[in-house]
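Peer 1: For reference, the structure I am asking about is given below.
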Amino acid sequence: MVEKKISITDVARRANVSITTVSRVLNKVPTVNKEVAQRVEQAIGDLKFKPNPTAQRLARGMQNTAIGFVIPGYPGIFHSFYAVELMRGIGHGCENYKLDLIFHITDGSNPLRSNIAGGLIFADIIENLPQVEAAVRDGMPCLVINHIVKNLDVSYIAVDNVKGGFTATEYLINLGHKRIATVTGSMHTQVGMDRFEGFQKALKQHGIESPLEYCFKGDYSRRSARQAAERFFSLESPPTAIFAASDDMALEIISVAMENGIKVPEDISIIGFDDNPAGLYGPVALTTIKQPLYSMAEDATRIIYEIMTGKQKGLIQKVLTLDLIVRESCAQPSS
């Protein structure tokens, strides 16, 4: 038996008031009589009524609307180039459209109070798919960044991470490298899996076999990159090139190489992913794959604003291209 969905009409009938009065209570209109407001709130609690966020947004007007930015929590989030660039882009977009920004860090289990915002931007989907599904089900304007969503009718802006991993690896192959290792991103993320898939595709297309010891499952952290580099450099037949799935990991690998007297790029070529400005200022400027994090986040804010204001009716699903940025950290193998 399908459970009846409680509506605002049911609340009005229970509290013996008009639908308009219930709407005014939901939207915190201060002129509502206190006794009436208490009666409505009691009815809402008794019936376990969940207001429609879209209706609330329209009722209270755009001047009071905020965007909720939902990002998976992980160690060092506020030192992460990825997270900071997204926050900068969304923050600038909110400033342009005179919107407030609500920041929500999630592990997928903590509740998301979507009714406090007029729209939601999700930074990836990592163990919090139910939150995205609930937002879509409730009619909340929402958009996902950095994740190609295949089984849900939701807007997204992402990059072609498979192509990015392929491009990075093929660049090393074209320089003449055949002993190519990789430090992956977290394989719990679509990004990590896609970049690794691109790495594998490039090797296969060029007929290069990669031994298991040339693949280290990382998590985007410098700690995991250091562990990977120490393992790679201790091998009897170490790689001549390494593709790291993030610039932070690539920079740590360069540090470990220098500590061990291994020259970059003379002895080992290293390529990253992100185009973190930190890669410009180390002992060797980092060759990398540039992804447009800031502009992606700024564009996401524009799209969610247009959905909220009714200017955008259908879904927006965009996959952006990536650029290879050639600097100093890669060269032909020495032998």
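Peer 1: Test each condition in (1) outside any strand (DSSP E or B); (2) open to solvent by 10 Å² or more (accessible area, probe 1.4 Å) for His104 and report the one that comes out false.
Peer 2: (1)
Peer 1: Can you tell which of Ile289, Ile325 is surrounded by 23 or more Cβ atoms within 10 Å (Cβ to Cβ) and within 23 Å of Val162 (Cβ to Cβ)?
Peer 2: After ruling out the rest, the residue left standing is Ile289.
Peer 1: Name every residue in segment 150-206 that is polar (S, T, N, Q), outside any helix (DSSP H, G or I), closer than 26 Å to Asp267 by Cβ and out of contact with any Phe, Trp or Tyr (no Cβ under 9 Å at 6 or more places or on another chain), in order of residue number.
Peer 2: none
Peer 1: Quick one: is Ala135 touching a helix residue (DSSP H, G or I) at 6+ places or on another chain (Cβ under 9 Å), over 15 Å from Phe69 (Cα atoms), among the aliphatic types (A, V, I, L, M) and not in a loop (DSSP other than H, G, I, E, B)?
Peer 2: Criteria not met by Ala135.
Peer 1: Considering only segment 114-125, I want to know if a residue exists there that is among the hydrophobic types (A, V, I, L, M, F, W, C), open to solvent by less than 20 Å² (accessible area, probe 1.4 Å) and farther than 30 Å from Ala225 by Cβ.
Peer 2: So far as segment 114-125 goes, yes, one or more of its residues are among the hydrophobic types (A, V, I, L, M, F, W, C), open to solvent by less than 20 Å² (accessible area, probe 1.4 Å) and farther than 30 Å from Ala225 by Cβ.
Peer 1: Here's something else I'd like to know. What are the residues in segment 236-275 that are in contact with a Ser or Thr (Cβ under 7 Å, 6 or more places away or on another chain) and polar (S, T, N, Q), if any?
Peer 2: Thr240, Ser269
Rundown of residues vs (1) out of contact with any Pro (no Cβ under 8 Å at 6 or more places or on another chain); (2) surrounded by 17 or more Cβ atoms within 10 Å (Cβ to Cβ), yes/no style:
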{"residue": "Asp138", "(1), (2)": "no, no"}
{"residue": "Ser155", "(1), (2)": "yes, yes"}
{"residue": "Val159", "(1), (2)": "no, yes"}
{"residue": "Ala168", "(1), (2)": "yes, yes"}
{"residue": "Leu172", "(1), (2)": "yes, yes"}
{"residue": "Phe196", "(1), (2)": "yes, yes"}
{"residue": "Ile208", "(1), (2)": "yes, no"}
{"residue": "Glu230", "(1), (2)": "yes, no"}
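Peer 1: For the subset of segment 252-283 comprising residues that are surrounded by fewer than 24 Cβ atoms within 10 Å (Cβ to Cβ) and among the hydrophobic types (A, V, I, L, M, F, W, C), which member is nearest to Ala331 (Cα to Cα)?
Peer 2: Only one residue fits best here, namely Val264.
The values are calculated or read from the model by the stated rules, or taken from the named source; none is laboratory data. All of these numbers come straight from a predicted model, not from anything done at the bench. Note that we place each Cβ from the backbone using ideal geometry, even for glycine, and neighbour counts take in every protein chain shown. The protein model used for the area step is the full one, side chains on, heavy atoms only, and it has no ligands, DNA or RNA in it. Shrake-Rupley method; radii C 1.70, N 1.55, O 1.52, S 1.80 Å.
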